[in-house]
Amino acid sequence: MYPQQPYGRQGQPGYPPQGQQQGFAPPPSHLQGYAPQPAFGHPGYPQQQQGLSGQHGGFAQSRPDQPIDVTYVCDENTARRLTRGRALITWRLPSKWGFLLALPAFLLVRGTIAMTSNGGDAKIGEMLGAFLVVLAFELVVVALITGVQLARVDPAFLAIAGPGQRMSARYTADAMELHQSSGQVTNRYVDIKRVIVSGGVVFLQPVGTRGFFVPREIVPDEAVARLRAARR
């Protein structure tokens, strides 16, 4: 509160004109021109300063040319999570189903050719039944193998994602740099033909490779958007 300004008697010199606010002196010179800030939520309230991307909690997205750096220290569950993710994501890959369908399709074609070459008529119903029997047998075998994979931790994942192992990734404007205990690898976004996110695991498959699995923590949403945008 500013000190009260004494005034003379009414009608004498120094008494303020009628209608002028009385009781307080004007603010000091270093405070003159100050405008109070509007309340939160009202028009004119200054926006919260926004930080870099890759961090949590209401931050703005980075520009497409701004690198994203992420580091993650694996815990006791990371290797098992990668093992389970690989076992489940593999069922979504076209190569998996191509392998499963190759054998029954080969037997179907071979049986049809053998019957027609011997002068017999190919019975579509019987051939299709044999095809389905072989496919069902393969599915049972692969399901059992998947169950075994889910019950144990892959030593390869344990070597690079065991407790205390550090992983880091850097996403530039056109490439992804992955740093693991096994070494460093760089892949351009345009060379990554498949990106699958499943729970806490991400599968990335560059062209000409079988792909690799990484924890979700080092592939944030903004990095996933960059990886997928390059494939459009």
Selected residue [free of Cβ contacts under 8 Å to residues at least 40 places away in the same chain, within 12 Å of the chain's Cα centre (by Cα), in a strand (DSSP E or B) and within 23 Å of VAL73 (Cα to Cα)] from VAL195, VAL224: VAL195
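Quick check, is MET176 crowded, with 16+ Cβ neighbours inside 10 Å, over 12 Å from THR78 (Cα atoms) and of a type outside the set (Val, Ile, Thr)?
The answer is yes for MET176.
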Which pairs turn up if I take residues in the stretch 159-173 that are in contact (Cβ under 8 Å) with a residue 40 or more places away in the chain and over 14 Å from ASP75 (Cβ atoms) and look for partners that are in a loop (DSSP other than H, G, I, E, B) and open to solvent by less than 30 Å² (accessible area, probe 1.4 Å) with beta carbon separation below 8 Å, at least 6 apart in sequence or on another chain? ALA169/VAL219
Hits in the stretch 181-221 (condition: surrounded by fewer than 15 Cβ atoms within 10 Å (Cβ to Cβ) and among the hydrophobic types (A, V, I, L, M, F, W, C)): VAL185, VAL190, VAL207
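The values are calculated or read from the model by the stated rules, or taken from the named source; none is laboratory data. Everything numeric here is computed off the predicted structure, so don't read it as measured data. FYI the Cβ positions are ideal-geometry reconstructions off the backbone, even for glycines, and counts take in every protein chain you see. When the accessible area is computed, the model is the full protein with side chains, heavy atoms only, and any ligands, DNA or RNA have been set aside. Shrake-Rupley method; radii C 1.70, N 1.55, O 1.52, S 1.80 Å.
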